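Student: Pasting a structure below so you can have a look.
The values are calculated or read from the model by the stated rules, or taken from the named source; none is laboratory data. Remember, it's a predicted structure, so these values are computed and weren't measured experimentally. Positions of Cβ are generated from backbone atoms using ideal geometry, with glycine treated the same way; all protein chains shown enter the neighbour counts.
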Amino acid sequence: MKNYLLDTNLIVAIIRSQTFAVNLEKSHSFSTNSLISVVVQGELQSLAIQWDWGYAKIQKLQVLLQALLIYPLKVQTVIDAYARIDAFSQGKLPDEPLPAGLSSRNMGKNDLWIAATAHATEATLLTTDMDFDHLDGVFFDLERIDIKLYL
């Protein structure tokens, strides 16, 4: 069974839509084999404040966070992966050049930590955006989820 690392945007979609959560669970069994980076936890708690989530959404978030393994950053394999992924994304990793047709890119620091955690845990990253596409198959497997297909 695959292990999944859930990106922040995926958790937001789960919190916002019970239909999405149920259908994603049916297709991926994410509740039994998933983890998040501690960075995702921080982003979610910040978004809950910024978006003024009410009691029900915050409770739903807390229940979900209790069910997931929250992976720390202070693990050498995550730190090493962060350095390699950042250098790769800048086109400056000597033993792993960017594929032909791809140019260097700046990744957000939180996305770098999330990507490093996916690599270090050998998890498939589930996300709804394209921020990690250039890392797919190089550092980890990526599965981009189209929310509309699960509603």
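Student: Could you check how many residues of region 3-50 are under 11 Å from the mean Cα position of the chain (by Cα), in a helix (DSSP H, G or I) and either closer than 16 Å to Val63 by Cα or free of Cβ contacts under 8 Å to residues at least 24 places away in the same chain (or both)?
Tutor: 6
Student: If you don't mind, another one. When Thr32 is evaluated against the numbered criteria (1) surrounded by 12 or more Cβ atoms within 10 Å (Cβ to Cβ); (2) farther than 25 Å from Met130 by Cβ, which criterion, by number, is the only one it fails?
Tutor: (1)
Student: Residues of region 32-56 being over 14 Å from Leu125 (Cα atoms) and of a type in the set (S, T, N, Q), which ones?
Tutor: Across region 32-56, the qualifying residues are Thr32, Gln41, Gln45, Ser46, Gln50.
Student: Taking the stated definitions as given, is Ile85 closer than 20 Å to Glu43 by Cα, surrounded by 13 or more Cβ atoms within 10 Å (Cβ to Cβ) and of a type in the set (Val, Ile, Thr)?
Tutor: no
Student: In this structure, is Asp95 charged (D, E, K, R) and in a helix (DSSP H, G or I)?
Tutor: Criteria not met by Asp95.
Student: Does Glu143 fit the bill of being surrounded by 12 or more Cβ atoms within 10 Å (Cβ to Cβ), modelled with pLDDT of 95 or more and either assigned to a helix (DSSP H, G or I) or not aromatic (Phe, Trp, Tyr) (or both)?
Tutor: The answer is yes for Glu143.
Student: Hey, any hits in region 66-82 for a residue that's among the polar types (S, T, N, Q), closer than 17 Å to Leu6 by Cα and assigned to a helix (DSSP H, G or I)?
Tutor: Yes.
Student: Can you find, within region 102-130, the residue that is surrounded by the most Cβ atoms within 10 Å (Cβ to Cβ) among those that are more than 17 Å from Ala83 (Cβ to Cβ) and touching a residue at least 60 places away in the same chain (Cβ under 8 Å)?
Tutor: The qualifying residue surrounded by the most Cβ atoms within 10 Å (Cβ to Cβ) is Leu125.
Student: Here's a follow-up. What number of residues in region 66-82 are touching a strand residue (DSSP E or B) at 6+ places or on another chain (Cβ under 9 Å), surrounded by fewer than 17 Cβ atoms within 10 Å (Cβ to Cβ) and in contact (Cβ under 8 Å) with a residue 40 or more places away in the chain?
Tutor: So the answer is 1.
Student: Could you please find all residues in region 88-101 being surrounded by fewer than 18 Cβ atoms within 10 Å (Cβ to Cβ) and not charged (D, E, K, R)?
Tutor: Answer for region 88-101, where residues must be surrounded by fewer than 18 Cβ atoms within 10 Å (Cβ to Cβ) and not charged (D, E, K, R): Gln90, Gly91, Leu93, Pro94, Pro97, Leu98, Pro99, Ala100, Gly101.
Student: Hey, does region 47-65 have a residue that's surrounded by 13 or more Cβ atoms within 10 Å (Cβ to Cβ), closer than 21 Å to Asp131 by Cα and modelled with pLDDT of 95 or more?
Tutor: Yes, because at least one residue in region 47-65 is surrounded by 13 or more Cβ atoms within 10 Å (Cβ to Cβ), closer than 21 Å to Asp131 by Cα and modelled with pLDDT of 95 or more.
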